[in-house]
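Asks: One structure, pasted below without further comment.
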């Protein structure tokens, strides 16, 4: 198999150890089962959830992503829409947070596995 960079593995939702096996069973746009993860990496057998509640820490990553997106959209509304009323901010940002929730859920778990879990890449695995 070809070498995959860490960034490619994160963006594609691949295992942090082998960078080959997928973490999630279905694509992110599949609303039914968007959160369905493999228990073990299909390629190298790495257990993704090492203990119950392991991904609670990924909520902090998710919170940071949501806050960043809301902040950027808020600034865009402020400058491009000439500081509209508060209901406009809420009416744009709240539905956007709902729309990005499946993507945010997945990317926060993948980031948690790749950057916080301490799993090292093993080339040729």
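The values are calculated or read from the model by the stated rules, or taken from the named source; none is laboratory data. In this text the structure is predicted, and so the values were computed from the model without any measurement. All Cβ positions, glycine included, derive from the backbone under ideal geometry; neighbour counts span all protein chains shown.
Asks: Would you please name the residue that is nearest to the chain's Cα centre (by Cα), looking only at residues in region 41-56 that are more than 18 Å from residue 20 (Cα to Cα) and either surrounded by 11 or more Cβ atoms within 10 Å (Cβ to Cβ) or touching a residue at least 12 places away in the same chain (Cβ under 8 Å) (or both)?
Replies: Per the stated criteria, the residue is 55.
Asks: Within region 27-40, is there a residue that is surrounded by 12 or more Cβ atoms within 10 Å (Cβ to Cβ), closer than 17 Å to residue 115 by Cα and touching a residue at least 24 places away in the same chain (Cβ under 8 Å)?
Replies: Within region 27-40, not a single residue is surrounded by 12 or more Cβ atoms within 10 Å (Cβ to Cβ), closer than 17 Å to residue 115 by Cα and touching a residue at least 24 places away in the same chain (Cβ under 8 Å).
Asks: Let me ask something additional. For region 76-104, enumerate the residues that are in contact (Cβ under 8 Å) with a residue 40 or more places away in the chain and in contact with a helix residue (DSSP H, G or I) (Cβ under 7 Å, 6 or more places away or on another chain).
Replies: 104, the sole residue that qualifies.
Asks: Report every pair of residues separated by at least 6 positions or lying on different chains whose Cβ atoms are under 9 Å apart, first residue within region 62-75 and over 22 Å from residue 109 (Cβ atoms), second in a helix (DSSP H, G or I) and modelled with pLDDT of 95 or more.
Replies: If the second residue must be in a helix (DSSP H, G or I) and modelled with pLDDT of 95 or more, the pairs left are 73/89; 73/92; 73/93; 73/96; 74/89; 74/92; 74/93.
Asks: What number of residues within region 1-52 are closer than 19 Å to residue 121 by Cβ and part of a loop (DSSP other than H, G, I, E, B)?
Replies: 23
Asks: Go through region 81-125 and give me each residue that's loosely packed, with under 12 Cβ neighbours inside 10 Å and in a helix (DSSP H, G or I).
Replies: If the condition is that a residue be loosely packed, with under 12 Cβ neighbours inside 10 Å and in a helix (DSSP H, G or I), then 86, 87, 90, 94, 95, 98, 99 are the ones that fit.
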